[in-house]
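Reviewing the structure listed below.
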Amino acid sequence: MTDDDWQARVDAVWDDATLSETDVIAAIDALASERGADDPVALFERAGARDSAGLEEEAEPLYRAALAGGLDEERRTRATIQYASTIRNLGRVDEALALLEAEYARSAGTPLHDAAAAFYALALASAGRERAAASIALQALAPHLPRYTRSVTGYARELADPTP
């Protein structure tokens, strides 16, 4: 079985809306066991299953292990975003902010940049920096608007730095 076949099976679990959170965890764990206990991709999927079920305290060490074990660039970005969101939910807002600020900068021009922006904005709001959060969110949204991209981008930047 190839990595692509394995990933397709994992994706099928995530796509199955009939599964309970417990069933998702069990199915992902069964698939992860095929790759070995220390496999970073398996650890990442196990973390995500727990995170999605609201089990952040179980997910957090799995994300750390996955990131330490080495992931391809797309998974590393996703794992960093998900890990930062998890630790934000665990009350470690400053740590989450540092990770998300770096990921936001690093992911510019990639398909995951808007995801990094969304979670960076959430962390900024959690830190009481609502204007900066709105600025980041609006800058991510602006390119997707059918019109007003330039105006929204300009106003969003003014939110972050209101001085002329």
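The values are calculated or read from the model by the stated rules, or taken from the named source; none is laboratory data. Small disclaimer: the values here were computed from a predicted structure and weren't measured. FYI the Cβ positions are ideal-geometry reconstructions off the backbone, even for glycines, and counts take in every protein chain you see.
Listed conditions (1) more than 10 Å from the chain's Cα centre (by Cα); (2) over 21 Å from Ala49 (Cβ atoms) are all met by Leu100, apart from (1). Residues in segment 20-48 that are of a type outside the set (Gly, Ala, Ser), out of contact with any helix residue (DSSP H, G or I) (no Cβ under 7 Å at 6 or more places or on another chain) and part of a loop (DSSP other than H, G, I, E, B): Asp39 alone.
Take Glu74 and decide whether it is surrounded by 15 or more Cβ atoms within 10 Å (Cβ to Cβ) and either assigned to a helix (DSSP H, G or I) or over 13 Å from the mean Cα position of the chain (by Cα) (or both). So Glu74 does not fit the description; no.
Scanning segment 144-156 for any residue that is in contact with a Lys or Arg (Cβ under 7 Å, 6 or more places away or on another chain) and either of a type in the set (D, E, K, R) or buried (at least 17 other Cβ atoms within 10 Å of the Cβ) (or both) turns up nothing. Scanning segment 116-164 for residues that are part of a loop (DSSP other than H, G, I, E, B) and touching a Ser or Thr at 6+ places or on another chain (Cβ under 8 Å) yields nothing. Looking only at segment 1-49, residues that are touching a Gly at 6+ places or on another chain (Cβ under 7 Å) and surrounded by fewer than 17 Cβ atoms within 10 Å (Cβ to Cβ) come to 1 in all.
For segment 32-54, the criterion of being among the β-branched types (Val, Ile, Thr) and within 15 Å of Arg75 (Cα to Cα) is met by at least one residue. Please tell me if Ala115 is closer than 27 Å to Ala65 by Cβ, surrounded by fewer than 18 Cβ atoms within 10 Å (Cβ to Cβ), under 16 Å from the mean Cα position of the chain (by Cα) and small (Gly, Ala, Ser). So Ala115 does not fit the description; no.
The criterion of being more than 20 Å from Ala102 (Cβ to Cβ), touching a helix residue (DSSP H, G or I) at 6+ places or on another chain (Cβ under 9 Å), surrounded by 20 or more Cβ atoms within 10 Å (Cβ to Cβ) and modelled with pLDDT of 95 or more does not hold for Glu56. Taking the conditions exactly as written (in contact with a Pro (Cβ under 8 Å, 6 or more places away or on another chain) and more than 17 Å from Leu99 (Cα to Cα)), does Gly48 satisfy them or not? So Gly48 does not fit the description; no. Against the conditions (1) touching a residue at least 24 places away in the same chain (Cβ under 8 Å); (2) not in a loop (DSSP other than H, G, I, E, B), Leu99 satisfies every one except (1).
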